[in-house]
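Remarks on the structure that follows.
The values are calculated or read from the model by the stated rules, or taken from the named source; none is laboratory data. Given the structure is predicted, the values throughout are model-derived calculations rather than measurements. Cβ sites come from the backbone with ideal geometry, for glycine too, and all protein chains shown count toward neighbours.
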Amino acid sequence: MLTKEEVTSLTWLRMHWEGHYKISFEDGVWQALPVCSSATEILTADSAMHLRDAMKDHFAAARSENASG
């Protein structure tokens, strides 16, 4: 069962990133799967904020790659 803080963090992440990532929290691991990517990469983190940072970095790199390619 998720804590109130985990539910709040999961809701916040999904609200801000739902168009770009499928976000989940299972067995203490935060995960984000890029929605529009053909890659099977899954971003993982030990906290919601670390996952947020990983998604921001991943999203920025993908945008940069798309702009140059």
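Taken over segment 55-69, the criterion of being surrounded by fewer than 17 Cβ atoms within 10 Å (Cβ to Cβ) and modelled with pLDDT of 95 or more is satisfied by Lys56, Asp57. Among the residues here, Met1 does not qualify as touching a residue at least 24 places away in the same chain (Cβ under 8 Å) and of a type in the set (A, V, I, L, M, F, W, C). Take the conditions (1) assigned to a helix (DSSP H, G or I); (2) over 8 Å from the mean Cα position of the chain (by Cα); (3) not basic (Lys, Arg); Ala54 misses just one of them, which is (2).
When Arg14, Arg52 are checked against the criterion of being at pLDDT 95 or above, surrounded by 17 or more Cβ atoms within 10 Å (Cβ to Cβ) and not hydrophobic (A, V, I, L, M, F, W, C), Arg52 stands alone in meeting it. Looking at this structure, is Val29 touching a His at 6+ places or on another chain (Cβ under 7 Å) and either on the phi < 0 side of the Ramachandran plot or among the aromatic types (Phe, Trp, Tyr) (or both)? Spelling it out, it is not the case that Val29 is touching a His at 6+ places or on another chain (Cβ under 7 Å) and either on the phi < 0 side of the Ramachandran plot or among the aromatic types (Phe, Trp, Tyr) (or both).
Please verify whether Gly28 is out of contact with any Leu (no Cβ under 9 Å at 6 or more places or on another chain), closer than 18 Å to Leu2 by Cβ and exposed (fewer than 13 other Cβ atoms within 10 Å of the Cβ), treating the condition exactly as stated. When the stated conditions are applied, Gly28 passes them.
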